[in-house]
Amino acid sequence: MKQFAPLVLVAALAATPLAAQDEGEGKDLMQRGMELLFEGLREEMSPALQRMRELADEYGPALGSFLEEMGPAFGRMLEEVKDWAAYHPPEILPNGDIIIRKKIEPLDPPEAQPEAVPQTDPPPQGQTDL
């Protein structure tokens with residue numbers, strides 16, 4: 001057992017320079033791995049980015065003119081409407097009009113409505129309800 005301890009010490013000291021070399025190689029491997037990851041992402045995203053470029057070329061001029069003409073009115077509408085959840089999605093009518101309907105909420109929730117109070121006193125004798 002006494003001979004085993006010096007062997008372990010010598011092996012540990014001999015492995016120290018190798019560990020330093022492994023760290024350098026590990027960084028290189030990590031860097032290469034990240035490069036491969038980003039390259040793969042770039043290849044996967046390339047068709048989608050190309051399609052986005054095509055859509056921008058196709059709809060860009062129309063969207064630009066829309067923003068020029070409707071931008072101020074749209075901005076006023078955004079300032080006025082505080083809660084978009086209170087509205088239904090826009091509808092396009094057959095005549096081309098676009099409407100945005102407000103959702104109708106009951107004035108009093110059902111649980112807050114007063115219940116009908118049963119009449120406890122019978123009507124006096126001789127009187128009839130008309």
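Restricting the search to the stretch 77-103, which residues are surrounded by 10 or more Cβ atoms within 10 Å (Cβ to Cβ) and either at pLDDT 85 or above or hydroxyl-bearing (Ser, Thr, Tyr) (or both)?
Residues satisfying the conditions are ALA86, TYR87, HIS88, GLU91, ILE100, ARG101.
Determine, yes or no, whether PRO17 is of a type outside the set (Asp, Glu), surrounded by fewer than 10 Cβ atoms within 10 Å (Cβ to Cβ) and modelled with pLDDT of 85 or more.
Answer is no for this residue.
The values are calculated or read from the model by the stated rules, or taken from the named source; none is laboratory data. Because the structure is predicted, anything quoted here is derived from the model rather than measured. When we count neighbours, we look across all protein chains shown, and the Cβ atoms used for this are built from the backbone with ideal geometry, even at glycine.
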